[in-house]
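> Take this structure first; my questions come after.
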Amino acid sequence: MLTPVVDEDGAPFWEYAAQGELRVQTCADCAEPRFPPRPCCPHCQSFASEWRQVSGRGRIWSYVVPHPPLLPDYAELAPYNVIVVELADAPRIRLVGNLVTGPDAPLNSLPPDRIRIGARVQVVFSSAGLPQWILERP
């Protein structure tokens, strides 16, 4: 299975995720949240940043169910979903992940016909520290 490529700017995101926290890089000067993490604020050009915890709530902004699976390691899990979540605390930030039935559930644990754009979701974390998403109202 794929694992994230961690760079210097994004390392804190993954460190917090491994602790079960969803945090977003935020400009320490203008308070604008940003994702993906980067050294400079695109709004005020400040290099000062901090990592603010967010609620982990959001809504499904978009999704796809790959047919056929694009990577051989994922073939046995098909059909599975990949969703884009718009964060409730920071609506301009969208994170990619999978909608599952619970932490560490397989990528195909939720039938694709249960996915709806606009559905409210909550973050959960796998034992590997990967953010995944569950429906707020199963």
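The values are calculated or read from the model by the stated rules, or taken from the named source; none is laboratory data. Quick caveat, the model's predicted, so the values are computed rather than measured. FYI the Cβ positions are ideal-geometry reconstructions off the backbone, even for glycines, and counts take in every protein chain you see. The accessibility values were calculated without ligands, DNA or RNA, using every heavy atom of the protein model including side chains. Shrake-Rupley method; radii C 1.70, N 1.55, O 1.52, S 1.80 Å.
> Choose one answer from Leu107, Leu99, Leu77: the residue with the largest mean-square fluctuation in a GNM of the chain with alpha-carbon springs under 10 Å.
So, out of Leu107, Leu99, Leu77, the one fluctuating most is Leu77.
> Mind checking the alpha-carbon convex hull of the chain and giving the volume per residue in Å³? List each step's numbers first, then the result.
On the way: hull volume 14.7 nm³, N = 138.
About 107 Å³ per residue, rounded to a whole number.
> Only sites in a loop by DSSP and with at most 12 other Cβ atoms within 10 Å count here; which trypsin sites (Lys or Arg not before Pro) in segment 44-138 make the cut?
Within segment 44-138, the qualifying trypsin sites (Lys or Arg not before Pro) (loop, at most 12 other Cβ atoms within 10 Å) are Arg92, Arg116.
> Here is a further query. Could you rank Thr26, Thr3, Thr101 by how accessible they are, 1.4 Å probe, largest area first?
Details: Thr26 5, Thr3 110, Thr101 85 Å².
Accessible-area ranking of Thr26, Thr3, Thr101, largest first: Thr3, Thr101, Thr26.
> Ignoring everything except DSSP H segments at least 4 long, calculate the 222 nm mean residue ellipticity for the chain; use -39,500 (n - 2.57) per segment, divide by total residues, nearest 500. Can you show the working numbers first?
Numbers: 1 runs with 8 residues, N = 138.
Calculated mean residue ellipticity at 222 nm is -1500 deg cm²/dmol.
> In the chain, which cysteines lack any other cysteine Cβ under 4.7 Å from their own?
Cys40
> Rank these by accessible area, largest first, 1.4 Å probe: Glu8, Glu136, Glu15, Glu32. Provide the component values of the computation, followed by the final result.
Values: Glu8 165, Glu136 70, Glu15 110, Glu32 40 Å².
The most accessible residue leads, giving Glu8, Glu15, Glu136, Glu32.
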